[in-house]
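**Student:** One structure, pasted below without further comment.
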């Protein structure tokens, strides 16, 4: 892929995640999920979309699957703080704190 195409993909990825976050703020979780899935299709190896999808699952009270997505985000970037915080907060002994959208 050339540099121009990479920048376009990165811009699209970022725009989709921004749209997803805006949808989450409006509690439009289905639309947010659509945007996150589109971002994952563009680049499945970046932690941001994986973490955000985990956050959506958590908002729907699916903590086990949310933790899987947080762990997947950390598999691609072990230093990605939002996923670290979300994963540790969702562990059974610590279900307190705010969800980090990254």
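The values are calculated or read from the model by the stated rules, or taken from the named source; none is laboratory data. Treat the numbers as computed from the prediction; the structure is a model and nothing was measured. We place every Cβ from the backbone using ideal geometry, glycine too, and count neighbours over all the protein chains shown.
**Student:** List the number of the failed condition for residue 41; all other conditions in (1) closer than 22 Å to residue 75 by Cα; (2) modelled with pLDDT of 95 or more; (3) surrounded by 12 or more Cβ atoms within 10 Å (Cβ to Cβ) hold.
**Tutor:** Tallying (1) closer than 22 Å to residue 75 by Cα; (2) modelled with pLDDT of 95 or more; (3) surrounded by 12 or more Cβ atoms within 10 Å (Cβ to Cβ), residue 41 fails exactly one: (3).
**Student:** Something else: With the checklist (1) at pLDDT 95 or above; (2) touching a helix residue (DSSP H, G or I) at 6+ places or on another chain (Cβ under 7 Å); (3) surrounded by fewer than 18 Cβ atoms within 10 Å (Cβ to Cβ) in hand, flag the one item residue 24 doesn't pass.
**Tutor:** (3)
**Student:** Which condition number in (1) surrounded by fewer than 16 Cβ atoms within 10 Å (Cβ to Cβ); (2) under 13 Å from the mean Cα position of the chain (by Cα) is the one that residue 52 fails?
**Tutor:** Among (1) surrounded by fewer than 16 Cβ atoms within 10 Å (Cβ to Cβ); (2) under 13 Å from the mean Cα position of the chain (by Cα), residue 52 violates only (1).
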